[in-house]
Amino acid sequence: MRKSVRGQVDPFIVMDVMEAAARAEAAGRHIIHMEVGQPSTPAPEGARRALAAALEQPLGYTVALGLPALRQGIADLYRRWYGVDLDPARVVVTPGSSGAFILAFSALFDAGDRVAMGYPGYPSYRQILRAMSLDPVGIPTRPEDRYQPRPDDLPDGCAGLILASPGNPSGTVLRTDELRALSDAAKARGMALISDEIYHGLSYGDRCHSALEVTDDVFVINSFSKYFSMTGWRVGWMVVPPDHVRTVERLAQNMFICPPHASQVAALAALGCAAEADANLAVYAENRRLMLEGLPKAGFHRIAPPEGAFYIYADVSDLTGDSVAFAAEILDKAGVAVTPGLDFDPDRGARTLRFSYARATADIAEGLRRLQGFMAAR
């Protein structure tokens, strides 16, 4: 069979690391997982109970944009978190944030369009774009800018700009004035704005700010995966401008029919479980404290300030020029799985690593102990 050129995307390296870690575990080793951005906690109890009750009824197709009650609940969340009065008609429930990106890129761009994003950044942005015959354009960001793009860095000739706050892999957060300046700069260049806010709710100082606080001319993407600990449920959402709703609806009808009904039921209940989600945040905060204390002791000194999410991005150029080989060495000799920075920055990522602290605190402490021992003996 023939193969399309656009289908030949790069692998998601962290998934390869997960597979290697799974093989080691199958061979009897105890691996500490600092590679994947996945909470170790289950979905909120209320979400699980709601789904258990719903299983006694048929779970079939819902409307393409999602259960009306869930869309209203998400709109209410924006009022609580940001003080934004959001029309629930603008909310689109999606099969995870990945489904939201596919819908957004389909609604906004045509084949051959160029779409800008900061490097380092979430790798699936550029791979989904390539698979859709779009051209990702990286903006090299700087440690002194907390790995976030500056308005005067935006390239000409691009149809769109993707922002992420908190960022993955950096965990750094855009302030309101920075969001406004980037939004204004994108608008001046005729660029559609997409704001990835999947880690909102996970911050360790000031709250995260939504792009909707500074503009309505934006596609905002979020998910129940991180703050609500529902990665495997594959349910996310998108907020779109009013004049894009019908376009996105037609695309969603044909691409996905609807988001998973069962996951929507659980997500609706999860919106009422903030206390449980905030308790998880307290665990991440302690893990972050341990990481900021322990990683420098292991020799990882050059790190981005992790203001949100549950990642630390480290410059390891003094230790290696091959982050893939270095990560494999750490897994083999220390039993700790970490992510090579090449996933996030195809140009400079061979000299960086990402550490996730989403797991239980005891695992983080053990992982740091192993890393310190490994680096002392290296």
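The values are calculated or read from the model by the stated rules, or taken from the named source; none is laboratory data. Keep in mind the model is a prediction, meaning the values are calculated, not measured. Backbone-built Cβ (ideal geometry, glycine too); neighbour counts: all protein chains shown. Just the protein is used for accessible areas: all its heavy atoms, side chains included, with ligands, DNA and RNA removed. Shrake-Rupley method; radii C 1.70, N 1.55, O 1.52, S 1.80 Å.
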Going residue by residue through segment 178-196, is there one that turns out to be under 23 Å from G349 (Cα atoms), outside any loop (DSSP other than H, G, I, E, B), of a type outside the set (S, T, Y) and out of contact with any His (no Cβ under 8 Å at 6 or more places or on another chain)? yes
Return the total of residues in segment 166-176 being open to solvent by less than 10 Å² (accessible area, probe 1.4 Å) and within 12 Å of P120 (Cα to Cα). 5
State whether one or more residues within segment 60-69 are within 30 Å of G171 (Cα to Cα) and of a type in the set (S, T, Y). no
Taking only segment 79-97 into account, find how many residues are assigned to a helix (DSSP H, G or I) and either closer than 17 Å to P260 by Cα or touching an Asp or Glu at 6+ places or on another chain (Cβ under 8 Å) (or both). 4
Restricting to segment 312-362, count the residues that are open to solvent by 50 Å² or more (accessible area, probe 1.4 Å), out of contact with any His (no Cβ under 7 Å at 6 or more places or on another chain) and closer than 22 Å to P39 by Cα. 1
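Across segment 335-362, which residue is nearest to K226 (Cα to Cα) among those that are part of a helix (DSSP H, G or I) and within 22 Å of the chain's Cα centre (by Cα)?
Let us first name the residues in segment 335-362 that are part of a helix (DSSP H, G or I), namely 341-343, 349-351, 361-362.
Then keep just the ones that are within 22 Å of the chain's Cα centre (by Cα); that gives 341-343, 349-351, 361.
Working: G341: 21, L342: 23, D343: 20, G349: 24, A350: 27, R351: 27, T361: 17 Å.
In this case the residue turns out to be T361.
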Being surrounded by 12 or more Cβ atoms within 10 Å (Cβ to Cβ) and of a type outside the set (K, R) is the filter here; which residues of segment 1-13 pass it? V9, D10, F12, I13
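Conditions tested, residue by residue: (1) over 20 Å from Y357 (Cβ atoms); (2) touching a residue at least 60 places away in the same chain (Cβ under 8 Å); (3) open to solvent by 80 Å² or more (accessible area, probe 1.4 Å).
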residue	(1), (2), (3)
M15	no, no, yes
M18	no, yes, no
R23	yes, no, yes
E35	no, yes, no
P39	no, yes, no
P42	no, yes, no
G46	yes, yes, no
Could you please give the count of residues in segment 363-378 that are of a type outside the set (S, T, N, Q), in a helix (DSSP H, G or I) and surrounded by fewer than 23 Cβ atoms within 10 Å (Cβ to Cβ)? 10
Keeping to segment 193-243, report how many residues are closer than 19 Å to L182 by Cα, open to solvent by 10 Å² or more (accessible area, probe 1.4 Å) and β-branched (V, I, T). 3
Pick out the one residue from L179, L154, L163 that is under 20 Å from the mean Cα position of the chain (by Cα) and either surrounded by fewer than 24 Cβ atoms within 10 Å (Cβ to Cβ) or farther than 22 Å from G341 by Cβ (or both). L179
Cβ contacts < 7 Å: first residue on the phi < 0 side of the Ramachandran plot, restricted to segment 312-326; second residue in a strand (DSSP E or B) and open to solvent by 30 Å² or more (accessible area, probe 1.4 Å), any location; separation 6+ or different chain. Result? I312/I303; Y313/I303; A314/R302; A314/I303; D315/R302
Check segment 59-71 and report whether any residue there is within 23 Å of the chain's Cα centre (by Cα) and among the small types (G, A, S). yes
Restricting to segment 89-121, name every residue that is open to solvent by 10 Å² or more (accessible area, probe 1.4 Å), of a type outside the set (D, E) and free of Cβ contacts under 8 Å to residues at least 60 places away in the same chain. A111, G112, R114, G118
Any residue at all in segment 54-62 that is touching a residue at least 12 places away in the same chain (Cβ under 8 Å) and in a helix (DSSP H, G or I)? yes
Within segment 219-256, take every residue that is assigned to a helix (DSSP H, G or I) and among the β-branched types (V, I, T) and give me the one that is modelled with the lowest pLDDT. T231
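Counting only residues that are of a type in the set (A, V, I, L, M) and in contact with a Lys or Arg (Cβ under 9 Å, 6 or more places away or on another chain), which one in segment 239-269 is nearest to P39 (Cα to Cα)?
A266
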